[in-house]
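Q: My questions all concern the structure below.
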Ligand code: KG4
Ligand code: ZN
């Protein structure tokens, strides 16, 4: 472990999908009082969402080309907003996997160039470890020790995973994600299920928020949609059957009454789709919390914004529920810089030529 001294500044970079983001965090040693502490000093994010909207989803080539144009301005903005210069940095952190490989490569290449030019250690960060770490980016330091074991649910557009977390990030092992995972989706992610079914209903990308809004006044039991993996001993999810069921339902409505028939039933369709996804998430999270004796639940990723899911958790979940601060819920570099800072504090940074061999990887591998 590097001698921590008073504090270190770490610059984080995130370009795994359609957000180009840079952030500066401060890592401080709390000395004999206990754990190290990480706080975000700045975060600058450019969202490409409007560039991809006309295509109904993220176009990888468009994403990487845009990252190339925005990465340097984002880094400059993050340093300036934190009131520091590149000379003040102790280390760099960058998302190296998983994601769109061309998009990841822009961030990884920028980080490697900076590491080489400034002789800085470089920490490769798994994007999902970043999301998990975002829970600790709170003024109160995150879920306190009394809430361990903590059930962590990663529910995003690309991933749906359950993890049982027993310690704060400063002592997470190298294989944290693999060694804590107790459940995952076997096909589509929950966010993907929202997005694909929303597309079938004619909503723009990303569709989760449209289904959330469209469900107002709808009957969640109007359409009988499947809940996969009902077995009590299985903590995995499957959402691809839901997509097929919705496609068949939309076709049946169109056959009976044309496009107007689908429009007329939109609130019921949205509410039923949402309830099917929320039911699946809720039941597996409850089962996992019971099985592993979890003292709390924490949700990270875009789907955590869903109002019906939050309502059901608030009313029915048998343990306290935590969320990261709103600004760190969607993709951002503060969570990457923070995850990198904790790893740096454990002496897990790449230095010298090792940093230059870092490459981007599309696969999650956990
Ligand atoms: O974590 P995130 O911002 O990006 C990654 O996938 O990494 O998650 C985006 C996902 C999309 O699938 C989007 O439709 C979904 O989160 N989402 C929602 C809501 N807001 C965003 N899904 C349901 N209800 C919402 N209110
Ligand atoms: Zn993400």
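Values quoted throughout were computed directly from the atomic coordinates according to the rules given, and no laboratory measurement underlies them. Note that the structure is predicted; figures quoted are calculated from it, not measured. Positions of Cβ are backbone-derived with ideal geometry, glycine not excepted, and every protein chain shown enters the neighbour counts.
Q: For residue 224 and residue 171, compute 0.36 nm times the residue count separating them, minus their Cα-Cα distance, and round to one decimal in nm.
A: Stretched fully, the residue 224-residue 171 segment lengthens by 14.6 nm.
Q: Kirkwood hydrodynamic radius of the chain from all distinct Cα pairs, in Å?
A: 21.2
Q: Follow-up question, since we're still on this one. For residue 256 and residue 279 in the same chain, what is the full-extension length gain: residue separation times 0.36 nm, less their Cα-Cα distance, in nm?
A: Gain on extension, residue 256 to residue 279, equals 5.4 nm.
Q: Now a separate question. For a test of the definition: using alpha carbon positions, the gyration tensor, and the 1.5 limit on a/c, classify the range 85-166 as rounded, prolate or oblate.
A: oblate
Q: May I pose another question? Does anyone have the angle between helix 101-118 and the longest principal axis of the chain? Alpha-carbon axes, 0 to 90°, nearest 10?
A: That helix lies at roughly 10 degrees to the long axis.
Q: Right, next: For Cα pairs less than 8 Å apart in space and 6+ apart in sequence, what is the mean separation divided by the residue count of the range 182-323, i.e. the relative contact order in percent?
A: Reported relative contact order: 29 percent.
Q: How high is the FRET efficiency from residue 353 to residue 62, r the C-beta distance, R0 30 Å, rounded to 0.05?
A: The pair residue 353/residue 62 has a calculated efficiency of 0.35.
Q: Now a separate question. Restricting to Cα pairs below 8 Å that are 6+ residues apart, what does the relative contact order work out to for the chain? Please round to a whole percent.
A: RCO, the chain: 26 percent.
Q: Same structure, new question: Can you tell me how the range 1-156 classifies by the Cα gyration tensor, rounded, prolate or oblate, using a/c under 1.5 as the rounded cut?
A: oblate
Q: Something else about it: For 344, 323, 148, what's the fewest-to-most ordering of other Cβ within 10 Å of each Cβ?
A: Ascending number of Cβ neighbours within 10 Å: 148, 323, 344.
Q: Hey, another quick one. Roughly how many Å is it from the Cα centre of the range 185-239 to that of the range 49-122, as a whole number?
A: 32
Q: Using a/c under 1.5 as the rounded threshold, could you call the range 182-323 rounded, prolate or oblate? The axes a ≥ b ≥ c are square roots of the C-alpha gyration tensor eigenvalues, and prolate needs a/b larger than b/c, oblate otherwise.
A: prolate
Q: For the chain, find the longest principal axis of its Cα atoms and tell me its angle to the long axis of helix 60-82, 0 to 90°, nearest 10.
A: The two axes meet at around 50 degrees.
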